[in-house]
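Structure record follows, encoded as structure tokens.
No value in this document is a laboratory result; all are computed from the given coordinates. Here the structure is a predicted model, which is why all the values come from computation and not from measurement. Using ideal geometry, Cβ is built from the backbone for each residue, glycine included, and neighbour counts are taken over all protein chains shown.
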Amino acid sequence: QNLKVATAANLQGIIKVLGDDFTKKTGIGIDPIVGSSGNLVAQIKNGAPFDVFLSADMSFPKNLFADGFTLQKPVVYASGSLIICSTQNLGFENWERLLLTGRVKKIAIANPTIAPYGKAAEESLQKKGILSEIKSKAVYGESISQVNTYITTGSVDVGFTTQALIKDSKTTLYYKVIDPKTYSPIEQGMVILKHAQGNANAEKFYQYILSAEAKRIFKEYGYYVQ
Amino acid sequence: MDLSPIWLTLRLASITTLLLLLVGLPLAWWLSKGRSIFKIILEAIITMPLVLPPSVLGFYLLIAFSPQHGVGKWLLNTFNIQFVFSFQGLVLASVIYSMPFMIGPIKSALQQLPQSLAQASYTLGKSERETFLRVLLPNIKPSLLTAMVLTFAHTLGEFGVVLMIGGNIPNVTRVASIAVYDSVENMDYSAANVYSLILFTITFVMVIGVFIFNKAQAKSPLE
Amino acid sequence: MDLSPIWLTLRLASITTLLLLLVGLPLAWWLSKGRSIFKIILEAIITMPLVLPPSVLGFYLLIAFSPQHGVGKWLLNTFNIQFVFSFQGLVLASVIYSMPFMIGPIKSALQQLPQSLAQASYTLGKSERETFLRVLLPNIKPSLLTAMVLTFAHTLGEFGVVLMIGGNIPNVTRVASIAVYDSVENMDYSAANVYSLILFTITFVMVIGVFIFNKAQAKSPLE
Amino acid sequence: MISINIEKKLKAYSGQQWLKIDHQFADSSITKIYGPSGAGKTTFLKIIAGLVVPEKGGITVDGVTWLNTSSKISLSPQKRLVGFVFQNYALFPNMTVQEHLEYASNDAQWIQRLLKIGKLETLSDHKPEYLSGGQQQRLAILRAIAIRPKLLLMDEPFSALDPKMKSALIAELKLLFAELKMTVLIVSHNPQELEGLVDGELLINAEE
Amino acid sequence: MISINIEKKLKAYSGQQWLKIDHQFADSSITKIYGPSGAGKTTFLKIIAGLVVPEKGGITVDGVTWLNTSSKISLSPQKRLVGFVFQNYALFPNMTVQEHLEYASNDAQWIQRLLKIGKLETLSDHKPEYLSGGQQQRLAILRAIAIRPKLLLMDEPFSALDPKMKSALIAELKLLFAELKMTVLIVSHNPQELEGLVDGELLINAEE
Ligand SMILES: Nc1ncnc2c1ncn2[C@@H]1O[C@H](COP(=O)(O)OP(=O)(O)OP(=O)(O)O)[C@@H](O)[C@H]1O
Ligand SMILES: Nc1ncnc2c1ncn2[C@@H]1O[C@H](COP(=O)(O)OP(=O)(O)OP(=O)(O)O)[C@@H](O)[C@H]1O
Ligand code: MOO
Ligand SMILES: [Mg+2]
Ligand SMILES: [Mg+2]
């Protein structure tokens, strides 16, 4: 029986690499169930048979822990890295000025009320003092994956997303990493769920995600790890 | 490429259409006869799932059938049936969700038939049921086929509800629409295209088949 | 609570239903007359949007109308129209998406009318158009109403397509189904409930209204 | 014997009319029913068949109560099982001539005989749409007789037939009625066409 | 003058039949058309009205070619604008008596006069469903005449009328036909009913 891993959408690409590496090392298969963190939480609370949950933030795992759906407290396994990104070479050296010019008509941001990357992007824009000015150009994606879709299809001129996109994308993208000091860290948390009670494999996977090998892969995809 | 989502989807759509034929035909017929205020309200309720965003409907179903409490718990303990994250759950959701597509066209077509058809059949000693099956239904065949095609296709394309109560479990609830969605999210556009193309082709063939069958039966003018 | 998504949704559904009446009626009528292989294929194509998962349809629309290339670029440069992230884009998508709901029931009801009705009208010197509007359509009123209710309600509940090409912009593309989804994601289940309830009530009232109107017009038996 | 005593309000003309009938039909009798257009002849037949319920009255057939409005008895059309030839035929668009008769009867020989009486043998796999007016009318007659009813109600059954066809058919029917001991009520506008067939008459004239 | 020369295959009986007509109708003449059931009378009228197209032949009306199969001319029913009384009435279920006539004509006085001729004044806001057989048939006749056609085709137009109603109506129609100088073709099975009205006859008999 494969492990069922509820996976936040921003990990869509990397989870396959992690999974393959884990299976190679342990012989244990995993089935990633990819969805937005909020959706996955709703399902977990209503009986979804998932073993491990990799969230896009800490508040969802904390909420699950508080309600008794987990076997232990959540831990941070990686922190997201925010980038500004486009299919056009617009020159991002001075991106805050660029966003105000007429060359940028639409800006994709993940919905800040539900997606941590969106919250980070708005925080950063706020710090730069241009949030209210660019509001009329903003287009909101339900999850970071949707923002990625908007960027890669060229539906928007620029978008704020995770650095993992650069590694996943097959098209050429131009981007700049946003200074992590301008937003609070996007800490992503993990928990083992009640469903995995007595399942040693879940524990093994949990340990693997915190291992040095996994950290190397996370880093490769642009995540920050301690 | 993994074709199991396609099979799963086809199985779901066929079972749903079949169940809805069994449930929907008598119901549409009953609704078409006379109109008490009770029938009107029932009909409005049947139409409801259509107007709820699928994800919301899915959300309510998720809560209603959650094995943690209420109905869901009772069903699990008593019959060992679980409707969330299971294939039978998808069938139930699809039946609820697609019901108006089966009922609507059939009901209005029945209302448009002249009353003398049924009357003539009654004087021949035929029961209401036999009259319905052998006289009324055959005379609204185009609407019946429309209803079936709409139901089947709508179930094929169902997405929001499944996303909510399905849990995207391979071979159990990972239907084609979810597989496509995943591929798009994953920026694996070629897989998305292949899935879409298969769905497209199946429906295309089905729809064309129905129309040609229908044509063979259609009335031809005198000439 | 922010009620603008509700208004936006009602506006979208009304405009879509109206446009589909204008486009769908002539089309359904044309399809109901005779059946060339060309018509059959066209009909199959109209049915297609139904079977594609809405998010996938949305994705294809996104690519087709992306202002960076092709059709989308041309539209933007020539007419300054942008279909992604705009209200008119939602209208276009809804029209495509709900087309089969308008066409299907009307077309099959027309096919079930006896040919002599149209013939009698022609001998009175009435054009095909006038015959359609004043003789054929009024005699399939229940199916027409069914088609309109299905279309309106389906647009109200539309979600996946809007999710893709809407961009969730308040007052422009943030319709009710998206607002509900956000609330659920946010675990703000009470807001989700309120939105759902409002949608529910509106459709319930609408559907009941239509049925009562219909009842007033329904045939009564001799007694 | 069939006893009928009914009152039915007709919504018809601007004012209101009453259809009032009090009549007995002897067993195996053949009665012609006539009267002005709109007087209620069709309505009368439908009341007997159980397709329309009158405001007041009763129907008794061979001692069995089919209808009694004061004790709220009303047998269903299926139980009354009268043969009914509808004025507008009410044929089933989905069935061929043969299928119409098979729907009404399982007896293949009987069906063959009926087809011959109606001169429809060569048209047996045509649907109503492809039949001429007279052919449709004959099918309507055959279908009603196919169930071998004890009571046969015919609403203008010969109006679309040419004289030769009509007299041949009536001659055949006369034999059949006698053979099956049917009681028959025929609505007709034509003063001559039923000569020699009927043994009684009933005039229907609505009252203000 | 109306010249007709047509050949139409009838799929009818197991074998194949041909409807062959070669006939002239004088202006303002009234012709009775008769023949066995299924011979093609209805088909013939539909060919003249442009509702059915024959395999071969032509129709010329007052020098205008309505149909010529060899040069592929066929005027639409709308252009031919003949009055047509359908054998099965073909009334519009959605329209009241009054609305039927308003659909065909804008002349309110004319409509009033027609309603009186058909004795339907008191039923003017009834839909066909609530009309008796004879009332429906009269409406079908009035609707066809309402467009004041130069050519009127009537398919069994009096079959559902009682004798009194029928002779009164025919007397009125006779005056009307003369007044409007209509050419009229009437299909009828009843040998007597048209006596004194028609001035010519045409027998239709299909050929093998
Ligand atoms: N469904 C109905 N509802 C109400 N009134 C009706 C209905 N059908 C007929 N009527 C009216 O009732 C009266 C009697 O109708 P009925 O059909 O019984 O007449 P009838 O004697 O058969 O006439 P006809 O010889 O013309 O067929 C008519 O005046 C008609 O307008
Ligand atoms: N739509 C049709 N398609 C093919 N054949 C038809 C169609 N309608 C009628 N027929 C056949 O054509 C023949 C002529 O029909 P038509 O209706 O013209 O006869 P008719 O002379 O009017 O007969 P009646 O006096 O019984 O009305 C009939 O034998 C009939 O079976
Ligand atoms: O669950 Mo996400 O990674 O916020 O879209
Ligand atoms: Mg009658
Ligand atoms: Mg005829």
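If we count other beta carbons within 10 Å of each Cβ, what is the order of D:20, D:72, fewest first?
Details: D:20 17, D:72 7.
Going from sparsest to densest Cβ surroundings: D:72, D:20.
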*If you take the beta carbon distance between residue B:201 and residue C:71 as r and set R0 to 30 Å, what does 1/(1 + (r/R0)^6) give as a FRET efficiency, to the nearest 0.05?*
0.80
*Please give the helix B:37-51 orientation as an angle from the longest Cα principal axis of chain B, in degrees from 0 to 90, rounded to the nearest 10.*
40 degrees
*Potential extension, residue A:203-residue A:171 segment - 0.36 nm per residue separation minus Cα distance*: 7.8 nm
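With an 8 Å Cα cut-off and a minimum separation of 6 or more residues, compute the relative contact order for chain D in percent.
Values: 364 pairs, mean separation 64.7, N = 208.
Relative contact order comes out at 31 percent.
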*Using only Cα atoms, locate the centre of region D:75-96 and the centre of region C:56-101, then give the distance between them in Å, rounded to an integer.*
56 Å
_Quick check: the angle from helix E:108-117's long axis to the longest principal axis of chain E, C-alpha only, nearest 10 degrees?_
90 degrees
*For chain C, what is the mean residue ellipticity at 222 nm derived from helices alone (per DSSP H run of n ≥ 4: -39500 (n - 2.57); sum divided by total residues; nearest 500 deg cm²/dmol)?*
-24500 deg cm²/dmol
*Measure out, as a whole number of angstrom, how far apart the alpha-carbon centroids of region E:157-208 and region E:127-145 sit.*
17 Å
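Test of understanding: ordering B:164, C:99 by Cβ neighbours within 10 Å, fewest first, what list do you get?
Values: B:164 27, C:99 24.
So the ranking, lowest neighbour count to highest, is C:99, B:164.
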*Label 7 Å beyond Cα on the Cβ vector: residue D:125 copy-to-copy distances, nm*: 5.3
_Inter-copy spacing of residue B:128 label points, which lie 7 Å from Cα along Cα→Cβ, given in nm from shortest upward_ = 4.2
*Using +1 on the beta carbon of Lys and Arg, -1 on that of Asp and Glu, and nothing else charged, what's the dipole of region C:3-216 about the Cα centre, debye to 20?*
760 debye
*Distance in nm between pseudo-label sites at residue A:59 and residue E:164 (7 Å out along the Cβ direction from Cα)*: 8.9 nm
*Can you work out ³J(HN,Hα) from phi for every residue in region B:182-199, in order, using Karplus 6.51 cos²θ - 1.76 cosθ + 1.60 and θ = phi - 60°, giving whole Hz and x for Gly and Pro?*
4, 4, 5, 4, 7, 6, 8, 5, 6, 4, 4, 5, 5, 4, 4, 4, 5, 4
*chain B: relative contact order as a whole-number percent, Cα under 8 Å and 6+ apart*: 30 percent
*May I ask for the distance between the Cα centers of region B:1-18 and region A:31-99, given as a whole number of Å?*
31 Å
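Could you tell me the calculated FRET efficiency between residue D:116 and residue C:37, based on Cβ-Cβ distance and R0 = 35 angstrom, to the nearest 0.05?
Numbers: r = 43 Å, r/R0 = 1.22.
Step by step, r from the Cβ atoms, then E = 0.25.
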_Chain C Cβ-axis minimum, rotational copy B, residue and distance in Å_ = C:105, 2
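I need the shape label for chain C. Rule: rounded when a/c is under 1.5, else prolate if a/b > b/c, else oblate, with a, b, c from the alpha carbon gyration tensor.
It comes out oblate by the Cα gyration axes.
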*Copy-to-copy spacing for residue E:22, label 7 Å out on the Cα-to-C-beta vector, in nm, shortest first?*
6.7
*For residue E:162, which sequence-distant residues (separation of 5 or more, or a different chain) have an amide H within less than 5 Å of its own amide H, given hydrogens modelled in the peptide plane?*
D:37
_Can you compute the modelled spin-label distance between residue C:4 and residue A:225, with each label point 7 Å from Cα toward Cβ, in nm?_
4.3 nm
*Taking residue A:137 as the anchor, which lysines have their alpha carbon closer than 30 Å to its alpha carbon, excluding any fewer than eight residues away along the same chain?*
A:105, A:106, A:119, A:127, A:128, A:167, A:170, A:176, A:181, C:73
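Quick one: net charge around residue A:12, please, counting Lys, Arg +1 and Asp, Glu -1 for every other residue with C-beta under 9 Å from its C-beta.
On the way: positive: A:16; negative: A:168, B:182, B:185.
With Lys, Arg at +1 and Asp, Glu at -1, the neighbours total -2.
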*How do C:189, D:34 rank when sorted from fewest to most other Cβ atoms within 10 Å of their own Cβ?*
C:189, D:34
_With angles folded into 0 to 90 degrees, how steeply does helix C:4-32 sit against the dominant principal axis of chain C? Use alpha carbons for both and round to 10._
30 degrees
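Return the average number of partner chain Cβ atoms within 10 angstrom of each residue Cβ along peptide A:163-171.
Values: counts 0, 0, 1, 0, 0, 3, 1, 4, 1.
Across A:163-171, the average partner-chain Cβ count within 10 Å equals 1.
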*asked:* From the phi angles alone, apply the Karplus equation (6.51, -1.76, 1.60; θ = phi - 60°) to region E:22-32 and give each ³J(HN,Hα) in whole Hz, x where the residue is Gly or Pro.
replied: 9, 8, 10, 10, 6, 4, 6, 7, 10, 10, 8
_Starting from the 7 Å offset along Cα-to-Cβ, what nm value, one decimal, do you get for the label separation of residue A:135 and residue B:18?_
5.6 nm
*Beta carbon of chain D nearest to the axis of the rotation taking D to E, residue and angstrom distance*: D:159, 2
*R0 = 56 Å: FRET efficiency of residue A:90 with residue B:11, Cβ-based, nearest 0.05?*
0.70
*What shape does the protein assembly as shown have by the C-alpha gyration tensor, where a ≥ b ≥ c are the square roots of the eigenvalues, rounded means a/c under 1.5, and otherwise prolate means a/b greater than b/c and oblate the rest?*
prolate
